[in-house]
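Engineer: Below are the C-alpha cells for one structure; questions will follow.
Derivation of every value follows stated rules applied to the coordinates shown; laboratory data play no part. No experiment lies behind these values; they were computed from the predicted model shown. Don't worry about glycine lacking a Cβ; one is built from the backbone with ideal geometry, like all the others, and counts go over all protein chains shown.
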Amino acid sequence: MADAAQQLDAVAEDLRGLRQLMSESDELRRFILSPIYGRDTQTKAILAVLEAAKVGDLTRRFVGVIGQNGRLSALPAMIEAFLDTLARHRGEVTARVSSASALSGAQLESLTESLRKAVGSKVVVETDVDPELIGGLVVRVGSRMFDASLRMKLQKMQLAMKGVG
C-alpha cells in the first residue's frame with residue numbers, strides 16, 4: 001500500500017519512529033506485548049500514541065488493523081521486516097550502530113561514508129545509545145559485527161590479566 005500510494009519514505013520514517021518509541025519506553029513495549037489487555041484497549045492506546053507522535057494516516061491504519069486482529073505483539077517484527085524489505089528493494093545495506101552517547105551529525109556522516117566504502121553499496125545507518133558501552137561503537141552490518149567499545153576492550157583486558165596470574 002505504501003508503494004502504491006508513493007509513501008514508502010513516509011511510512012518507513014513513521015515505523016522507525018515507532019520502533020524508537022518502543023525501544024525507549026518499557027511501559028509501551030510491555031503494554032503492546034501483554035496478553036492481559038484486550039484488543040480494543042491496546043488498539044485505542046497505540047493509536048493515541050501514534051496520533052500524538054504525528055504519524056501518517058497510512059501507518060496509523062496499518063497499526064490499527066494489526067491491533068484489531070490481536071497482533072500488536074508482532075509489531076516489532078513487522079517493522080523490522082518492512083524496513084529490511086525496503087532496504088533490499090532499494091539496494092541498501094542497513095548498519096545498526098550502538099554508541100555510548102549520541103553521535104553528532106559530523107560523526108554520523110563520517111561513519112556512514114566509511115561504512116559505504118567498506119560495504120561497497122549505499123548504507124543506511126540506524127543508531128541507538130547504549131551507555132553500558134562506556135565509549136566507542138558496536139557496528140552490525142548483516143550478520144557481521146564489529147565491537148570497538150570500551151566495554152569490550154576492558155573485558156578482553158580482564159581475560160588477559162586472568163591468564164597471566
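Engineer: Which FRET efficiency, nearest 0.05, do Thr85 and Gln158 yield, Cβ-Cβ r, R0 41 Å?
Structural biologist: Between Thr85 and Gln158 the formula returns 0.50.
Engineer: Select from the chain the helices, each a whole stretch of DSSP H, whose alpha-carbon atoms run 18 Å or more along the helix axis and whose Kyte-Doolittle mean is at least 0.0; answer none if there are none. Please list the in-between numbers first.
Structural biologist: Numbers: long enough: 8-24 (24 Å, -0.16); 39-52 (20 Å, 0.10); 75-90 (22 Å, 0.28); 105-119 (21 Å, -0.16); 150-164 (21 Å, -0.03).
Answer set is 39-52, 75-90.
Engineer: List every residue whose amide H lies under 5 Å from the amide H of Lys122, counting only residues 5 or more places away in sequence or on a different chain, with H placed 1.01 Å from N in the peptide plane.
Structural biologist: HN-HN under 5 Å from Lys122: Val93.
Engineer: Sticking with this structure for a sec: Amide H neighbours of Thr127 under 5 Å, at least 5 residues apart or on other chains, H built in the peptide plane: list them.
Structural biologist: Distant-sequence amide H within range of Thr127: Val97.
Engineer: Right, something else. How far apart, in nanometres, would the label points at Ser73 and Arg39 be if each is projected 7 angstrom from Cα along the Cα-to-Cβ direction?
Structural biologist: If labels sit at Ser73 and Arg39, their model points lie 1.5 nm apart.
Engineer: Put +1 on the Cβ of every Lys and Arg and -1 on every Asp and Glu Cβ in the chain; which of Val11, Ile46, Ala87 then has its Cα farthest towards the positive end of the dipole?
Structural biologist: Comparing the listed Cα positions along the dipole, Ala87 ranks first.
Engineer: Please report the relative contact order for the chain, taking Cα pairs under 8 Å with a sequence separation of at least 6, and give it as a percent rounded to a whole number.
Structural biologist: This gives 17 percent for the chain.
Engineer: If you don't mind, there's one more thing I want to ask. Of all the Cα-Cα pairs you can form in the stretch 1-40, what percent are over 16 Å apart?
Structural biologist: Working: 406 of 780 pairs.
Tail fraction, whole percent: 52.
Engineer: Which Cα, out of Leu154, Gly136, Ile36, lies furthest along the positive dipole direction of the chain (beta carbon charges, K/R +1, D/E -1)?
Structural biologist: Leu154
Engineer: Then there's this: Two decimals, Cα atoms only, Kirkwood Rh: what is Rg/Rh over the stretch 1-134?
Structural biologist: With Rh from the inverse mean 1/r over Cα pairs, Rg/Rh is 1.01.
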